Amino acid sequence: MNLDSILLPGIAHNEPLVIAGPCSAETEEQLMLTAHQLSHKGMKLFRAGIWKPRTKPGGFEGVGEEGLFWLEKVKKETGMYVATEVATQNHVIEAIKHKIDVLWIGARTTTNPFAVQEIADTLSQLKFSGPVLIKNPVNPDLELWIGAIERIYNSGMRKIGAIHRGFSIYGRKEYRNIPQWNIPIELKRQIPNLPLILDPSHIGGKKELIYSLSQQAFDLNYDGLIIESHYDPDSAWSDKE
């Protein structure tokens with residue numbers, strides 16, 4: 001694959017890429033407080049979930065389009081780039097309309113080739129040029145992950161990265177999602193110039209595991225991290241652990 005750099009202007013090329021922000025955009029105040037604290041720590045790329053897939057109905061499924069206005073405010077007040085997850089054609093349309101800089105495709109969406117193709121077609125139609133990051137599918141299926149990457153690539157996108165967020169298994173385990181490091185390592189072997197980013201929050205599921213997982217990723221020459229961050233983690237509406 002002939003890929004371009006996913007680094008945006010003003011982000012150092014000699015340092016790991018770090019994307020930080022809350023699992024979910026909850027309120028304007030929560031988003032702005034978190035964004036300003038991260039900006040003061042030198043973060044350049046802010047993430048927040050606007051639409052949140054939930055296994056069962058009734059849980060918090062995100063604030064929707066209103067949160068995109070808040071992300072625009074984050075850009076204006078902090079100068080940070082902003083990123084969010086998209087899972088449907090409408091998500092892509094709304095995110096681009098609100099000038100979101102980086103989009104990512106979540107693990108549940110990656111498992112569905114129809115959904116990924118819909119996103120790819122919409123990106124192509126709207127001529128989106130910003131980076132698109134693709135999380136591994138929930139199940140440990142390397143070919144499904146590569147297939148999603150190829151669909152986005154075939155849409156004309158060249159700023160593509162992969163996010164390793166771990167894989168689900170049934171039963172009790174140390175991690176929320178087991179890393180299975182061999183799978184992203186093989187992905188990198190097959191697509192050497194594909195940037196690889198670790199999501200230690202979704203792998204670990206507990207804040208005390210973030211550091212060791214991040215260090216292991218850098219030991220394996222990963223290109224960056226996407227970490228859930230909140231100004232008051234214990235009060236977070238989702239993923240507070």
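The table for this structure:
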quantity	calculated
Rounded, prolate or oblate (a/c below 1.5 giving rounded, otherwise prolate when a/b exceeds b/c) for segment 1-87 by Cα gyration tensor	oblate
Whole-Hz couplings from phi, Karplus 6.51/-1.76/1.60, listed for segment 194-201; x for Gly and Pro	7, x, 10, 10, 8, 10, x, 5
FRET efficiency, 1/(1 + (r/R0)^6) with R0 22 Å, evaluated for Glu65 and Ser235 via beta carbons	0.40
FRET efficiency for Gln37 and Arg108, using Cβ-Cβ distance with R0 set to 30 Å, rounded to 0.05	0.55
Other-chain or far-sequence residues with amide H under 5 Å of Leu133's (modelled H)	Leu103, Trp104, Ile105, Gly161
Most fluctuating residue given options Tyr211, Tyr153, Tyr222, as computed from a GNM of the chain linking Cα atoms under 10 Å	Tyr211
From phi via Karplus (6.51, -1.76, 1.60), per-residue ³J(HN,Hα) for segment 132-148 in Hz, x at Gly/Pro	10, 10, 10, 6, 5, x, 4, 8, x, 10, 4, 5, 5, 5, 4, x, 5
Hydrodynamic radius of the chain per Kirkwood, over alpha carbon pairs, in Å	17.8
Kirkwood hydrodynamic radius of segment 133-177, Cα pairs, Å	11.6
Where labels lie 7 Å past Cα in the beta-carbon direction, separation of Ile93 and Ala12 in nm	4.2
Lysine pair count for segment 1-108 [Cα-Cα under 22 Å; pairs on different chains or 8 or more apart]	18
Residues of segment 20-173: accessible area per residue with a 1.4 Å probe, Å²	44
Accessible surface of segment 93-151, 1.4 Å probe, proportion on carbon and sulfur as whole %	53
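The values are calculated or read from the model by the stated rules, or taken from the named source; none is laboratory data. Quantities reported herein were computed from a predicted structural model and do not represent experimental measurements. Cβ sites come from the backbone with ideal geometry, for glycine too, and all protein chains shown count toward neighbours. Each accessible area value is taken on the protein alone, full model and side chains, heavy atoms only, with ligands, DNA and RNA left out. Shrake-Rupley method; radii C 1.70, N 1.55, O 1.52, S 1.80 Å.
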